[in-house]
Number of protein chains: 2
Amino acid sequence: MADQIDTSARILDAAERLVQLRGFNGFSYADVAAELGVTKASLHYHFPSKSDLGEALIVRYGERFGAALEAIDAAPSEAQEKLLAYADLYANVLEDHRMCLCGMLAAEYKTLPEPMQRAVLAFFERNEIWLAGVLEQGESRGDLHFTGSSQDLARAILSALEGALLTSRPYDDPARFQTTARRLIAMVA
Amino acid sequence: MADQIDTSARILDAAERLVQLRGFNGFSYADVAAELGVTKASLHYHFPSKSDLGEALIVRYGERFGAALEAIDAAPSEAQEKLLAYADLYANVLEDHRMCLCGMLAAEYKTLPEPMQRAVLAFFERNEIWLAGVLEQGESRGDLHFTGSSQDLARAILSALEGALLTSRPYDDPARFQTTARRLIAMVA
DNA sequence: GTCTATAACGAGATAGAC
DNA sequence: GTCTATCTCGTTATAGAC
């Protein structure tokens, strides 16, 4: 049983990396199998269809992202600091030339099986809600000042960070994303 | 010869739409052929390899985008107006659920043949240069005030708009992009 | 310039032995 | 759980007739 969990996790690790690098339509079971030194049939035992694998990837990614958001909330800091910590989550993603998993899947959205589409939207909505909360907290405490709804601004921040990942990724320069991200956060705060 | 041009253009039209909708790895010659009512072999006559077709798509898209930028420049307006007009170019893209061609290809970047990678980067760099020019013009005329380099801010704007396309696209609501885009431009101006 | 036919390969997926 | 073997289909691409 420990083996099964371990193997499933290793499959997810390899598949996650491949999707973030090449997209859901840009990798195959053969790629993952070769990377792990097992056969494709073995992968199908753990994840019968590619759609199953895709769903599992998004769920796990969302859980990890959610945990990171809770960790940011745990430390009592000002809204600006939280936003910068949030941007750092994105910067970490980029480090080995990856795209955000759900940003990548958003590009491929129209080609995804329905369950994956729903999971991608859920991921973004969760992030928007968290961001809106940070913004409202910042405003009520006087750390932050903005016009319009916190939801709209949350969407703008999320979009901007995903876009910064998208356009920075071709370059080998991690500072490129950082510069853009900090400039965007600075616009808010 | 008129036929050839016409057929090539029709192929490009169909392929462009498919790439913007489903990605370069998400469409096939068979899709285009079915849409135009011709055979796959006929497509290979006009564009021997898929890479050739991809390059042609980016070049044509870049030319059209460049012409749109020139059109914006032609009318003597303030920097803010030009930025809004620029954002509208993106909004138009989204209208039939398309992604920006080069934004889509940026997601798939790692899987693209080298000539296409170079063409994608050239597209973004051209846009950055144009945006930086608008920002500098705005600053020198006193329409606009910003800190840091015009290049960095240009990149932030481009990234933010691409990201807004990416995250708005799953929704059927064109206003969603507009709200986000105007919020982002408002941050600058 | 478009067609038919086909090659050559890789994809997702399944059956059944171990 | 993992393997070998295989199926079926879709993919890019080419040869050669019309």
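The values are calculated or read from the model by the stated rules, or taken from the named source; none is laboratory data. Since the model is a prediction, treat every value here as computed from it, not as a measurement. With ideal geometry, Cβ positions are generated from the backbone for all residues, glycine too; neighbour counts draw on all protein chains shown.
Which of the residues belonging to segment A:69-85 are part of a helix (DSSP H, G or I) and crowded, with 16+ Cβ neighbours inside 10 Å?
Of everything in segment A:69-85, those that are part of a helix (DSSP H, G or I) and crowded, with 16+ Cβ neighbours inside 10 Å turn out to be A:L69, A:I72, A:A79, A:Q80, A:E81, A:K82, A:L83, A:L84, A:A85.
Of all residues in segment B:37-68, how many are part of a helix (DSSP H, G or I) and within 14 Å of DNA strand D (Cβ to nearest atom)?
15
Can you find even one residue in segment A:129-142 that is assigned to a helix (DSSP H, G or I) and under 12 Å from the mean Cα position of the chain (by Cα)? Spell out the reasoning first.
Step one: filter segment A:129-142 for residues assigned to a helix (DSSP H, G or I), giving A:129-141.
Adding the requirement that they be under 12 Å from the mean Cα position of the chain (by Cα) leaves none.
Scanning segment A:129-142, I find no residue that is assigned to a helix (DSSP H, G or I) and under 12 Å from the mean Cα position of the chain (by Cα), so the answer is no.
Filter segment B:17-28 for residues that are assigned to a helix (DSSP H, G or I), in contact (Cβ under 8 Å) with a residue 24 or more places away in the chain and either touching a His at 6+ places or on another chain (Cβ under 9 Å) or within 10 Å of another protein chain (Cβ to nearest Cβ) (or both) and give the result. It would help to see each step written out before you state the result.
Taking segment B:17-28 as the starting set, the residues that turn out to be assigned to a helix (DSSP H, G or I) are B:17-22, B:24-26.
Now restrict to residues that are in contact (Cβ under 8 Å) with a residue 24 or more places away in the chain: B:17, B:19-21, B:24-25.
Of everything in segment B:17-28, those that are assigned to a helix (DSSP H, G or I), in contact (Cβ under 8 Å) with a residue 24 or more places away in the chain and either touching a His at 6+ places or on another chain (Cβ under 9 Å) or within 10 Å of another protein chain (Cβ to nearest Cβ) (or both) turn out to be B:Q20, B:L21, B:F24, B:N25.
Which one is farthest from DNA strand C (Cβ to nearest atom), of the residues in segment A:39-68 that are touching a residue at least 60 places away in the same chain (Cβ under 8 Å) and surrounded by 16 or more Cβ atoms within 10 Å (Cβ to Cβ)?
A:F65
Assess whether B:D13 counts as being under 16 Å from the mean Cα position of the chain (by Cα) and away from every other protein chain (no Cβ under 14 Å).
yes
Looking at this structure, is B:G138 of a type in the set (G, A, S), without any contact (Cβ under 8 Å) to a residue 40 or more places away in the chain and buried (at least 22 other Cβ atoms within 10 Å of the Cβ)? Spell out how you get there, then give the answer.
Values: of a type in the set (G, A, S): yes; without any contact (Cβ under 8 Å) to a residue 40 or more places away in the chain: no; buried (at least 22 other Cβ atoms within 10 Å of the Cβ): yes.
Against the criterion (of a type in the set (G, A, S), without any contact (Cβ under 8 Å) to a residue 40 or more places away in the chain and buried (at least 22 other Cβ atoms within 10 Å of the Cβ)), B:G138 does not qualify.
Would you check if B:L89 is within 25 Å of B:R169 (Cα to Cα), away from DNA strand C (no atom under 16 Å from the Cβ) and within 14 Å of another protein chain (Cβ to nearest Cβ)?
Judged against the criteria, B:L89 is not a match.
Could you list, in sequence order, the residues of segment A:12-31 that are within 11 Å of DNA strand D (Cβ to nearest atom) and in contact with a Leu (Cβ under 7 Å, 6 or more places away or on another chain)?
A:Y29
How many residues does segment A:109-123 contain that are buried (at least 19 other Cβ atoms within 10 Å of the Cβ) and either modelled with pLDDT under 95 or of a type in the set (A, V, I, L, M, F, W, C) (or both)?
5
Can you work out which of the residues in segment B:148-189 that are β-branched (V, I, T) and facing chain A (nearest Cβ under 9 Å) is surrounded by the most Cβ atoms within 10 Å (Cβ to Cβ)?
B:T167
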